[in-house]
Amino acid sequence: MSRDSLNIAHLHWGFPPIIGGVETHLTIILPEMVKMGHKVSLLTGSVEGVEGRYKYEGVNIFRTPLMDLNWLYKRGLKGLEDEVDEVFLSFLEEAKPDVIHVHNMHYFSEIHIRSLEKFARERGNPLVLTAHNVWDDILFLELTHKINWAHIIAVSHFIKKEIIGIGMDDTKITVIHHGIDQDKFSPGVDTSGILAKYPQLRKKQVIFHPARVGLAKGCDISIKAMSIVKQKYPDIVLVLAGSKNIIDWGESQQKDIAYMVSLIKHFDMESNVLIDTYSLEEVKELYEVSSLCIYPSSGAEPFGLTMLEAMAMSRAMIVTNMGGMPEVIKDGINGFVIAVRDFELLAAKICQLLEDNKLRKRFGYTGRQIVESQYTKEKVTKDTLSVYRKALDSPR
């Protein structure tokens, strides 16, 4: 079989308009695989108002309610085995894959991945997993161990270490950091649209926290830090990204948002914080109007794709020493790395960068250079394809 052109079947729980790091990652690598001459199909969850079948930049998209985690969480998984088998078999018969590549299917549902493992074995297809996250419970432990993965891609060395820590063979795990579309995310974006929509951002120092609103993302830490920064810069504005169209397994988002709103009112910062949902174009404009970006995650962030977006847009970034983030943001090189939940230090670093234009611009320029050399969409796609070829050439 020729390895020059592959049929590749991807499966993930969400795809735009569902937003998140994994979903954005798929919008980057899947069309790039098509450009490189491969046939790519994706099976993902249904979304109200979105067709069940269509093409996205050359990628064949198939949608089913049986991959919608929000629906599955409410409905429960019991009794779905036959329906899952039927949907998966139909998808695979049409996609005719050489490789089956799943994303975060080492969690959520044993029914789904057992079905896929069975069909992969029958068809002789290597089953490749990208582990975008890890979890501290029995389901993660069992599905990571008991499924016959041909190979596991970890999105950071942090994730790889966590998987090795539960006893997986390190030779079956390859770290491939996310990439960014460095052409779409590039400095010099026209900001007239975002400033017309949000005139409160005009002629202000804007601090952008480009992650969905949530306690794990450190949004409360950002608000607390900004209450300190506001004392020196009364007109400063913190921009937070809302949580519409996300996978909310456990339905925790609305509680987190309610707490953030209360915190903002507590500090009398309604005029200093903007929370909304933004399109991809608006996100690029928000990076452009921002003075710097912050991501003080208090959870073990597996990677943090927004770091690459900020770097590609030549923006300095402050992150916490959590998960995979210090693998990308180097303290004093392209941003600052601070301790978890230290809102006072975050405030101090924000003020330092606002006061030192030269340092802030140097961090941004260095970040863009790092993206161009290490995190392009072409590099991440080629590295992923090399894992497929290794899996195809290995005895199964």
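The values are calculated or read from the model by the stated rules, or taken from the named source; none is laboratory data. Because the structure is a prediction, the values reported are computed rather than measured. When we count neighbours, we look across all protein chains shown, and the Cβ atoms used for this are built from the backbone with ideal geometry, even at glycine.
Can you tell me how many residues in the stretch 290-304 are touching a strand residue (DSSP E or B) at 6+ places or on another chain (Cβ under 9 Å) and over 14 Å from His209 (Cβ atoms)?
1
Could you say whether any residue in the stretch 140-152 is crowded, with 21+ Cβ neighbours inside 10 Å and touching a Phe, Trp or Tyr at 6+ places or on another chain (Cβ under 8 Å)?
Within the stretch 140-152, one or more residues are crowded, with 21+ Cβ neighbours inside 10 Å and touching a Phe, Trp or Tyr at 6+ places or on another chain (Cβ under 8 Å).
Determine, yes or no, whether Val87 is under 23 Å from Arg114 (Cβ atoms), surrounded by fewer than 21 Cβ atoms within 10 Å (Cβ to Cβ) and out of contact with any Asp or Glu (no Cβ under 9 Å at 6 or more places or on another chain).
Here the answer is yes, as Val87 does meet what is asked.
Among the candidates Met36, Met105, which residue alone is surrounded by 21 or more Cβ atoms within 10 Å (Cβ to Cβ), assigned by TED's automatic domain parsing to the domain that holds Ile166 and at pLDDT 95 or above?
Met105
For the stretch 322-337, name all the residues that are more than 18 Å from the chain's Cα centre (by Cα) and surrounded by fewer than 23 Cβ atoms within 10 Å (Cβ to Cβ).
Hits for the stretch 322-337 are Lys330, Asp331, Gly332, Ile333, Val337.
Considering Tyr73, Tyr107, which residue is of a type in the set (Phe, Trp, Tyr) and farther than 20 Å from Ala9 by Cα?
Step by step, each of Tyr73, Tyr107 is checked, and only Tyr73 is of a type in the set (Phe, Trp, Tyr) and farther than 20 Å from Ala9 by Cα.
Those residues that are touching a residue at least 24 places away in the same chain (Cβ under 8 Å) and of a type outside the set (A, V, I, L, M), I need them from the stretch 42-56; list them, please.
Correct list: Thr44, Gly45, Ser46, Tyr56.
Can you pull out every residue in the stretch 1-31 that is closer than 19 Å to Val99 by Cα, buried (at least 21 other Cβ atoms within 10 Å of the Cβ) and of a type outside the set (A, V, I, L, M)?
His10, His12, Trp13, His25
For the structure I just gave you, tell me whether Val59 is surrounded by 15 or more Cβ atoms within 10 Å (Cβ to Cβ), touching a helix residue (DSSP H, G or I) at 6+ places or on another chain (Cβ under 7 Å) and over 24 Å from His145 (Cα atoms).
yes
Any idea which of (1) in a helix (DSSP H, G or I); (2) of a type in the set (D, E, K, R); (3) closer than 30 Å to Gln374 by Cβ is the one Lys217 doesn't satisfy?
Result: Lys217 fails condition (1) only.
Note down all Cβ pairs under 6 Å where the first residue falls in the stretch 91-116 and is among the polar types (S, T, N, Q), the second is surrounded by 22 or more Cβ atoms within 10 Å (Cβ to Cβ), and they're at least six residues apart or on different chains.
Here the result reads Asn104/His132; Ser115/Phe88, each pair linking the stretch 91-116 to a residue that is surrounded by 22 or more Cβ atoms within 10 Å (Cβ to Cβ).
Given Val128, Val175, Val155, Val189, which one is in contact with an Asp or Glu (Cβ under 8 Å, 6 or more places away or on another chain) and either β-branched (Val, Ile, Thr) or farther than 30 Å from Tyr278 by Cβ (or both)?
It is Val189.
Any residue in the stretch 247-270 that is touching a Ser or Thr at 6+ places or on another chain (Cβ under 7 Å), at pLDDT 90 or above and not hydroxyl-bearing (Ser, Thr, Tyr)?
yes
In the list Glu344, Glu309, Glu301, which residue meets the criterion of being acidic (Asp, Glu), touching a Lys or Arg at 6+ places or on another chain (Cβ under 9 Å) and within 21 Å of Asp190 (Cβ to Cβ)?
Glu309
Could you list, in sequence order, the residues of the stretch 348-383 that are within 14 Å of Thr174 (Cβ to Cβ) and either among the basic types (Lys, Arg) or touching a strand residue (DSSP E or B) at 6+ places or on another chain (Cβ under 7 Å) (or both)?
Lys379, Lys382
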